[in-house]
Amino acid sequence: MTPASAVPGTTVRFDKWLWAARFYKTRSLAARAAETGQARVNANPVKPAHAVREGDIVTVRKHGIVQEVAVLAISDRRGSATDAAALYRESPASVLAREEEKARRRAATETQPRFAGRPTKRERRKLADFLNEP
């Protein structure tokens, strides 16, 4: 995949770029994110048809995790994950914050009790015997 940014000054719709960079699975999800302010350009909420240029700072918030990336290349075609990764560079502060959030979530899930589900017939019998003891 060759980026459309081979020509200087090339722009592409914001929702198309988000989709091509693989932040969202479909263009409609990318457009909805732009409309609701979940995805922003240069810290400003924009419409899905807003033109994205090289050098813009894009902020994407998904599932409570915020990613701040700089646009390196423009593409309106969705390619492989390696091609998509070449379209942007995530800021070091964003990477650090994202990793800390992942570690915090992992620690929170490990501290919560896990139940195997419904008790088996054998476990129910043992529980009944325990509760029925005088």
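The values are calculated or read from the model by the stated rules, or taken from the named source; none is laboratory data. The shown structure was predicted, so the numbers you read here are calculated from the model rather than taken from an experiment. Counting neighbours? That spans all protein chains shown, and the Cβs are built from the backbone with ideal geometry, glycine included.
Would you be able to tell me the number of residues in region 7-41 that are without any contact (Cβ under 8 Å) to a residue 24 or more places away in the chain, of a type outside the set (Val, Ile, Thr) and not in a loop (DSSP other than H, G, I, E, B)?
Total satisfying the criteria: 9.
Quick check, is Arg98 surrounded by 14 or more Cβ atoms within 10 Å (Cβ to Cβ) and touching a helix residue (DSSP H, G or I) at 6+ places or on another chain (Cβ under 9 Å)?
Criteria not met by Arg98.
Regarding region 104-111, can at least one residue be identified that is farther than 23 Å from Pro45 by Cα, at pLDDT below 95, of a type in the set (Val, Ile, Thr) and surrounded by 10 or more Cβ atoms within 10 Å (Cβ to Cβ)?
No, every residue in region 104-111 fails to be farther than 23 Å from Pro45 by Cα, at pLDDT below 95, of a type in the set (Val, Ile, Thr) and surrounded by 10 or more Cβ atoms within 10 Å (Cβ to Cβ).
Which condition does Ala93 not pass, out of (1) in a helix (DSSP H, G or I); (2) exposed (fewer than 11 other Cβ atoms within 10 Å of the Cβ); (3) free of Cβ contacts under 8 Å to residues at least 12 places away in the same chain, if it passes all the others?
Against the list (1) in a helix (DSSP H, G or I); (2) exposed (fewer than 11 other Cβ atoms within 10 Å of the Cβ); (3) free of Cβ contacts under 8 Å to residues at least 12 places away in the same chain, Ala93 comes up short only on (3).
Can you name every residue in region 42-75 that is touching a helix residue (DSSP H, G or I) at 6+ places or on another chain (Cβ under 6 Å) and not in a loop (DSSP other than H, G, I, E, B)?
Passing the criteria: Val52, Ile65, Gln67, Glu68.
Which members of region 76-85 meet the condition of being in a loop (DSSP other than H, G, I, E, B) and of a type in the set (Ser, Thr, Tyr)?
Across region 76-85, the qualifying residue is only Ser80.
Confirm whether Glu35 is surrounded by fewer than 16 Cβ atoms within 10 Å (Cβ to Cβ), of a type in the set (D, E, K, R) and modelled with pLDDT of 95 or more.
Against the criterion (surrounded by fewer than 16 Cβ atoms within 10 Å (Cβ to Cβ), of a type in the set (D, E, K, R) and modelled with pLDDT of 95 or more), Glu35 qualifies.
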